[in-house]
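Just so it is clear, none of the values below were taken in a lab; they were calculated from the coordinates. Just so we're clear, the structure is a prediction, and the values are computed from it rather than from any experiment. We place every Cβ from the backbone using ideal geometry, glycine too, and count neighbours over all the protein chains shown.
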Amino acid sequence: MNLVERDLKIIWHPYTQMKTAQPPVPIVRGEGAILFDEDGKKYIDAVSSWWVNIHGHAHPYIAKKVSEQLTKLEHVIFAGFTHPAAVELGERLLAILPANQQKVFYSDNGSTAVEVAIKMCLQYWNNQGQSRTKMLAFKNAYHGDTFGAMAVSGRSAFTAAFDSLLFEVEFIDLPTQENIEDLKSQVSNLKSLLACFIFEPLVQGSGGMLMYEAQYLNELIAHCRKESVLTIDDEVFTGFGRTGKPFAADHITEQPDIMCFSKGLTGGTMALGLTTCTQQIFDVFLSDDKLKTLFHGHSFTANPVACAAALASLDLFLDPATAENIERIKNSHAKFAERIKNHPKIKAVRQTGTIVAMEWETGDNTSYFSSLRDRLYNYFLKAGIILRPLGNIIYILPPYCITDADLNYIYSKIEQALEEI
Ligand SMILES: *Cc1c(COP(=O)(O)O)cnc(C)c1O
């Protein structure tokens, strides 16, 4: 049996209808923005392997640092113990995050980083004897697949089987110049019930790369602060350069109370989650009363190898060459967007930093399950490009090391698809 046959015999893949899915592509090697399958066929990774890879695949510097860490310390329990990589990573991250972020809580993926943030907020009020359990989130939000993270995500086909079990969340529209005053009054009306407001800053990834303006997010955060509603900035996707600045929070002046990170945190090398918060939140958990403790942790919390990967990724991220690459991709995307925006088959083009997204005209059928999605996916796969449309929305978010030649090839194939599909 070859690899795919062995896979099909036993593996249950994520987000996959196993009855009708086509066989998975067997990838055996990666280098830069390119993945290679068993037969040596090349694929340009235009989606950064589910949005996690920022410096390219099998990066030798990250590999070296991970390997060094593996021969020193592979894991240690993080309750009652600590290790250099976790402390150094926390110190170095806090130094580049908004100044009010003072404490670091480790976990092991994006959903858990969000779970921790939600629990921090709920218990923040509970520890002070206040019952504030309602949460505010944006429509079409995505914050992860575990139950708490799913509850603060928009209700959709993906949550349908669980909807009755998800806790109650107030969903509001993305802020615009027209509705911002209305959104503020919604916050004011609910304020005594609200534990927190959680948001994806500037770009809602899974929701379809929906984008909104920093200015109105800023106003909303300011208003939440005024009404003492805690704010959670979920930067699991937007963190580490995606939006053109190191963090989406760098586009605004208001500082959120809590921030969540994963995905690009380790350069896409290993699973790691991180939740940061203010001193004020941390202090509410300080007590002689053991019940005020944040009782949360995972076996692989602050895993040293994952922290070493994150430190190596941070070294690369802070190298000026990375900022130049981000700028290069941003400018390149902008030119491409300008070129195709008036194409009759393009309903909308939008861009934030290194992310460019196009909505295809579909007539009426815009659902994720539309056959257009599969046709596009297969068209690009055949052309050696990994693009994973969200319904009728195609987006490119490459590793920052992608070459101009590869970017131009992706653009040209999209333009060709516009004529052929
Ligand atoms: C992907 C994502 C998550 C969940 O992260 P996982 O590591 O996949 O659990 C949470 N929030 C946002 C904004 C994401 O894009």
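Here are the numbers for the structure shown:
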quantity: Point-to-point label distance, S192-A323, nm (Cα→Cβ direction, 7 Å offset); calculated: 4.8
quantity: Over the range 250-320, volume per residue of the alpha carbon convex hull, in Å³; calculated: 123
quantity: Across K263/K335; K184/K263; K119/K139; K330/K382; K139/K191; K72/K290, pairs whose alpha-carbon gap is larger than 24 Å; calculated: K263/K335; K184/K263; K330/K382; K72/K290
quantity: Order of C401, C196 - criterion: other Cβ atoms within 10 Å of each residue's Cβ, fewest first; calculated: C401, C196
quantity: Cα-based helix-to-principal-axis angle, 320-340 vs the chain, degrees rounded to 10; calculated: 60
quantity: Using alpha-carbon coordinates, inclination of helix 84-96 to the longest axis of the chain, degrees; calculated: 90
quantity: Long-range HN-HN contacts of K347 with modeled amide H, under 5 Å; calculated: E359, W360, E361
quantity: Rg to Rh quotient for the range 144-293, alpha carbon positions, Kirkwood Rh; calculated: 0.96
quantity: Selected from P399, P389, P60 as most flexible by GNM, with the chain as the system and alpha-carbon contacts under 10 Å; calculated: P60
quantity: Order of V76, V284 - criterion: other Cβ atoms within 10 Å of each residue's Cβ, fewest first; calculated: V76, V284
quantity: Summed side-chain charge close to E419 - residues other than E419 whose Cβ falls under 15 Å, Lys, Arg +1, Asp, Glu -1; calculated: +1
quantity: Likely footprinting exposure, F171, F300, fewest C-beta neighbours within 10 Å first; calculated: F171, F300
quantity: Interatomic Cα distance distribution for the chain, bins of 10 angstrom, percent; calculated: 4, 21, 31, 27, 13, 3, 0
quantity: With 5 Å bins from 0: P(r) over the range 299-363, alpha-carbon pairs, percent; calculated: 4, 15, 16, 13, 12, 11, 10, 9, 7, 4, 0
quantity: Fully extended contour minus Cα-Cα distance, from H13 to A99, at 0.36 nm per residue; calculated: 26.9 nm
quantity: Using alpha carbons only: equivalent-ellipsoid semi-axes of the range 1-121, gyration tensor based, whole Å; calculated: 34, 20, 16
quantity: The chain - mean residue ellipticity at 222 nm from DSSP helices (-39,500 (n - 2.57) per run, n ≥ 4, rounded to 500); calculated: -11500 deg cm²/dmol
quantity: Span from the the range 386-415 Cα centroid across to the the range 145-221 one, whole angstrom; calculated: 28
quantity: For the range 1-70 and the range 234-281, distance of Cα centres in Å; calculated: 25
quantity: Volume in Å³ per residue [convex hull over Cα atoms, computed for the range 92-131]; calculated: 87
quantity: Options F171, G148, Y124, ranked by Cα towards positive dipole end of the range 116-179, top entry (Cβ charges); calculated: Y124
quantity: Between 0 and 90°, nearest 10: helix 60-72 axis offset from the chain longest Cα axis; calculated: 50
quantity: Within-12-Å neighbourhood charge of G353 [Cβ basis; K, R +1; D, E -1]; calculated: +3
